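Here is the structure we will look at.
A short reminder: the numbers here are calculations on the coordinates, not readings from a lab. Fair warning: this is a prediction, and the values are worked out from it, not measured in the lab. Using ideal geometry, Cβ is built from the backbone for each residue, glycine included, and neighbour counts are taken over all protein chains shown.
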Amino acid sequence: MSRIPLDHWLLVLRTVLAAWLALFLSMRLNLSQPAWAVLAVMIVTLQPVMFTGGTPPIGIIIGRSIARLFGTLFGAIAGLVLIVLCAQQPMLYLLFGGAWLALCMYLVILEQDAYLSYVVMLSGYTATLVSLTAIGTGVEGVWTTALARFTETSLGIGCGLLMHILIAPRFGSHGLPGVLSRLIADAAGEALAVLDGTPQGTLDARFKALHGHYQRFESLRGLARLEARRWRHVVPALDRFASDALALLTGLRELEEACAYLRACPDGPRWLARLHDDARPLLRELQRHPGGDDAPAAALPELDWGDERVSPRTRVRATLVRQRLGEVLTLLRHGRHLHHALEDPQHPRVDALPRQPRARTTDNEHGVARYNALRVFVAFELLGQFWIHSGWHSGYLAQMLLGVFSMLFAKAPNPTAVVWQFLWGTISAVLLGGVLLFLVLPLINGFFLLALALAVPIAIGTLLTPYPRWAGMGLSGAVTMMTLLNLHTTYSYTPQTYINGGLAAVIGTLAAMLTYSLFRQPSPAERIDTLMAAFWRGLWRLTRNPVSALPERPWLESRLYDRLGRLVALGGSEERLREALDLHALAMCSWRLRRMRDDLAPFRAEIETWLEHIGRQAAARNRHDDAFWRRQAEQAEQWVARLYHQTRLPLAVIGEMGMLAHLMRSAPGARLETADAPAAADRAAPGDLPHAR
């Protein structure tokens, strides 16, 4: 007992009390199947526990509860429609029921919003639960079945949420200001380290730590809208800073390249020292007081060339360093304004924060989504054919569990292992459920003893779920047992019916496991290939579209954030993290050059044609080696050499071209395209709740 953490015992207490309350109210209200209310408590409580390893923050429970409520409602409506259209045609039902399940699977995989994805997932398997229950028990009561499913699920959701709010709630978002402070302070320290010329190995280690703060910020910001009412008005700003934080990492990476670019000039270190002296007090103040005084901050002074004879090369590179420093400082101050809004929602500068939500995008892995949707459709059809042609009355339970288990872990990187745990959990639940139903329940009398009898398996399942090795057994045991137990007929001795139901549960779980085994999920390396191909296509569109069709910077940052954020998550190592950020920088340099087209005269047409040629070549190639990027970098450097002596061109334009050449020289994306992602990525579930990991 002493080896089980207190948090796990509190989780058991919340779950058991919520299950008792749901059971009492459903029986008091004479609902048709009280076990469904208990099942809703178990799923809402235990599924997040599988990804957090303990009591999840209350924001996750609230979000899951609301999403489950709407998902159950939409699924119940879809189940009604399926029965109305196909009740008398089993083969037609299999076709449309499988198509609905496949459509929901497709949307679940593409949808990046965790809660919306959960709504779609619930809609998928709730429709099959309602329609298959109606088929198995009588289609004349389908309206009653759908209404009961929604009512009992809503009751279970409310009971589970109430217990998590009343008993030692965990508020994950309370740590958000502190994480934001560390992110700002470490980013300012990283900028100082870059200006100081810190060795590359030390920079990489610092950068990895900074990325850890960014990931922590990402995991907490999604809880703000659900846990802290006073922060709801800054949710759009939090979403915007999520992409700005990735832009900050990219800005630091570009600053590193720009400083190396300036140091290569004979008189570059002298001008870099001047820039260092100008920026040091500003960065030091942000590093020491990330949440300090929000008075208007001083800007970097203009470079004073004086009467010195400075080469055009040095002028351009020093201007580039100053510009990148300015961008880093701007993003750090944005983070400070956001920090003030979190600490004091009535702060006068809160009104200056972004009010528009960040643009939403879906995943670009359409091939994977279609593949998995086809997998579920074929499995549903084959098992349905066996059910119908064998005349097996309890076969609808197998169909139900196939739909539930297939949808629950649609995004897991290794669902076969999870469903294997589910198989053992299902077998254990069938055996334990038989003991309860035929040996224990006939001997008890009254609600109190019934609640105590159910508390034992609920507690066992809850204690198993936080441990990855046993998590699937705990949750599947809850699902199977509540599916098999009819608590309104606890004293009916019908072993044949129970055995048929238990056999159906095992077969349904086996079918789900076989489905996942035959149709594997893509590896992290394959996901990187898909993301990289989408990135190169996006870069080509960026270089070929008319300037009037170019996106605004916030939208572009949002798109890069969605795509490259997943690349960073899959990349793992410091080298791949830097390379993913180089891709971000490459896209932003191309965008800046396109936006400054009016300053490129008389070379505008040539440079735009050249950029489009690079975008087309990048999109057409499957792999980008060092030789390919070296050729592109040489062409960019030839352009820089031509532009150095064009006194009418702004220095910033030439600096962007030089930065583009420098980034190309480092062969962005080449190692991401050819190297396998680390094994650690196999254990992550990128599509699951980001703040639940």
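Only Cα sites of segment 1-156 enter the Debye sum here, all with the same form factor; the resulting log10 I(q)/I(0) across q = 0.09 1/Å is -0.33, listed in q order.
Of the residues Asp599, Asp278, the one with the fewest other Cβ atoms within 10 Å heads the list, and the complete ranking is Asp599, Asp278. Can you work out the PRE-style zone for Ala168? Point 7 Å along Cα to Cβ, and I want the residues of segment 55-85 with backbone N under 16 Å. Residues 55-58 fall inside that zone. To the nearest 0.05, how large is the calculated FRET efficiency for Leu443 and Trp143 if R₀ is 41 Å and r is the Cβ-Cβ distance? Computed FRET efficiency for Leu443 and Trp143 comes out at 0.65. For segment 1-69, the relative contact order comes to 30 percent (Cα pairs under 8 Å, sequence separation of at least 6). The H on the amide N of Thr198, modeled in the peptide plane, is under 5 Å from the matching H of no residue at least 5 residues off or on a different chain. Looking at segment 232-326, the chymotrypsin sites (Phe, Trp or Tyr not before Pro) that sit in a DSSP loop and have at most 12 other Cβ atoms within 10 Å of their own Cβ are Trp305. How high is the relative contact order of segment 175-352, given as a whole-number percent (alpha carbon pairs under 8 Å, six or more residues apart)? Over segment 175-352, the number comes to 35 percent.
In whole percents, the pair-distance distribution calculated for segment 239-281 from its alpha-carbon pairs, binned every 5 Å from zero, is 6, 20, 19, 21, 14, 11, 6, 3, 0. Semi-axes of the equivalent ellipsoid of segment 1-67 are 24, 15, 8 Å, computed as sqrt(5λ) over the eigenvalues of the C-alpha gyration tensor in descending order.
Multiplying the residue separation of Phe603 and Arg28 by 0.36 nm and subtracting their alpha-carbon distance yields 199.0 nm. Were the residues from Thr330 through Glu285 laid out at 0.36 nm apart, the gain over their Cα-Cα distance would be 14.8 nm. Relative intensity of segment 175-352 on a log10 scale, I(q)/I(0) at q = 0.08, 0.09 Å⁻¹, equals -0.27, -0.34, per a Debye sum over C-alpha point scatterers of equal strength in the absence of solvent. Taken over segment 53-144, the percentage of Cα pairs per 5 Å bin, counting from 0 up to the bin with the maximum distance, is 3, 15, 22, 20, 15, 11, 8, 4, 2, 0. Note on Ser311 and Arg537: with the Förster distance fixed at 56 Å, the Cβ-Cβ geometry gives a FRET efficiency of about 0.90. Can you pull the one-decimal nm distance between simple spin-label points at Glu575 and Met91, each 7 Å off the Cα toward Cβ? Each label point is offset 7 Å from its Cα along the Cβ direction, giving 5.8 nm.
How high is the FRET efficiency between Ala455 and His393 when r is their beta carbon distance and R₀ equals 41 Å, given to the nearest 0.05?
0.80
Work out, step by step, the length gained on full extension between Val81 and His645: first 0.36 nm times the residue separation, then minus their alpha carbon distance; give nm to one decimal. Result: 195.8 nm gained on full extension.
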